[in-house]
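In what follows, a structure is listed as C-alpha cells, so that the remarks can point back to it.
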C-alpha cells in the first residue's frame, strides 16, 4: 500500500523539479483577466471592484478588451508592454529596456 502512494509522489516530484512552475504575476493576472472566479466576478459586480493589471503585453490587453467586453469598466491597465507583429516585446535600442506604452499616469 505504501508503495502505491510513494512512487506516484516521487514521479510527481521529479516532474515538478524538472519543469518548475512559473509563479509570475503575468500568469496570475491572465487567469484573473480571462478566467475570473465567481468570487472575483461578484466583487466586480456587487462591490464595484476594479482590478489593475500591470505589465501585460498590448496583445493581451487587446484580447481582453474584445473577449471580456462586459467587464471593461472593472479593468485598468498600466505599464502595458509594446509588442511587434509577432507578439514579442519591443526593446528600446538606446536603453535596452522593454518599451512600455505611456498610460498618462506619470
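The values are calculated or read from the model by the stated rules, or taken from the named source; none is laboratory data. Predicted model only: the values in this text are computed from it and were never measured. Cβ sites come from the backbone with ideal geometry, for glycine too, and all protein chains shown count toward neighbours.
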Applying the selection to segment 1-56, what residues are under 30 Å from residue 88 (Cβ atoms) and at pLDDT below 50?
-> 15, 16, 17, 18, 19, 20, 21, 22, 23, 24
Single residue of segment 47-79 satisfying the filter (in contact with a helix residue (DSSP H, G or I) (Cβ under 6 Å, 6 or more places away or on another chain) and part of a helix (DSSP H, G or I)) that is surrounded by the fewest Cβ atoms within 10 Å (Cβ to Cβ) = 74
Among residues belonging to segment 83-93 that are in contact with a strand residue (DSSP E or B) (Cβ under 7 Å, 6 or more places away or on another chain) and not in a strand (DSSP E or B), point out the one that is farthest from residue 46 (Cα to Cα).
-> 90
Taking the stated definitions as given, is residue 96 part of a loop (DSSP other than H, G, I, E, B), closer than 18 Å to residue 29 by Cβ and free of Cβ contacts under 8 Å to residues at least 60 places away in the same chain?
-> no
